[in-house]
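Comments concern the structure below.
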Amino acid sequence: MAGDLTDAVLEQRLFAHAGVRRGFRRRREPDWASLACELKRPGVNLMVLWEEYRAVHPEGYGYSRFCDLFREFDRRLSPTMRQDHPAGDKVFVDYSGKKIMIVDRETGVVRDAEIFVAVLGASNYTYAEATWTQTLPDWIEAHVPPRVTPPAGHFKFLRVWSVKFLHPRGRTRDC
């Protein structure tokens, strides 16, 4: 590899026009890479991204074509790896990142609650529970059997995603 080949030049050569066939696009295209990053944020979906795109480019693609082009782009840059999850082997746990409002029937006080989610790898059997916070006591309480234990018994491996209190200074990785 040439010594003058910087990261920026290499990225330009590898990903220039990814998902774009020259001469076939007649409408202004969004920055697909930034849309892919935006899509990872809570509450963002392709409909939201398309509405923002059409607000800036009213003559732009319709929703179905926009989705097709995005999926084509995403497929080319996001290779997938099949993973085998034997039954009862793994459970994946995390907080969803969304909150729900809970109203106390007696007092009428409204409180936000966090959503804890556990999913078994093989069956996608899903368990969800509302906890008041994402603090360690609530996290541990959400794991107490039989809440996260699969119907057939116990699991061998617990996969924790990005829970803030488990990270130094409460931060998780950005996109």
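Put simply, of Y53, Y127 the only residue that is open to solvent by less than 50 Å² (accessible area, probe 1.4 Å), of a type in the set (S, T, Y) and either under 24 Å from R27 (Cα atoms) or not in a helix (DSSP H, G or I) (or both) is Y53. Of the set (1) over 30 Å from P30 (Cβ atoms); (2) modelled with pLDDT of 75 or more; (3) surrounded by 10 or more Cβ atoms within 10 Å (Cβ to Cβ), all apply to C67 but (1). Of the listed requirements (1) open to solvent by 50 Å² or more (accessible area, probe 1.4 Å); (2) at pLDDT below 85; (3) more than 29 Å from V119 (Cβ to Cβ), T80 misses just one: (3).
For D112, the conditions (1) surrounded by 15 or more Cβ atoms within 10 Å (Cβ to Cβ); (2) in contact with a strand residue (DSSP E or B) (Cβ under 6 Å, 6 or more places away or on another chain); (3) at pLDDT 80 or above are fulfilled apart from (1).
When the residues of segment 84-105 are filtered to those that are buried (at least 17 other Cβ atoms within 10 Å of the Cβ) and of a type in the set (V, I, T), which remaining residue is modelled with the highest pLDDT? Among them, the one singled out is V93. Report the residue count in segment 57-84 for those that are part of a loop (DSSP other than H, G, I, E, B), more than 20 Å from the chain's Cα centre (by Cα) and not charged (D, E, K, R). Residues that pass the stated criteria total 5. Scanning segment 48-69 for residues that are under 17 Å from C37 (Cβ atoms) and either of a type in the set (G, A, S) or touching a residue at least 40 places away in the same chain (Cβ under 8 Å) (or both) gives a single hit, L69.
The values are calculated or read from the model by the stated rules, or taken from the named source; none is laboratory data. Worth saying up front: this structure is predicted, and the values here are computed from it rather than measured. Quick reminder, even Gly has a Cβ in these numbers, built from the backbone with ideal geometry, and neighbours come from all protein chains shown. For the accessible areas, the whole protein counts, side chains as well, though only heavy atoms, and no ligand, DNA or RNA atoms are used. Shrake-Rupley method; radii C 1.70, N 1.55, O 1.52, S 1.80 Å.
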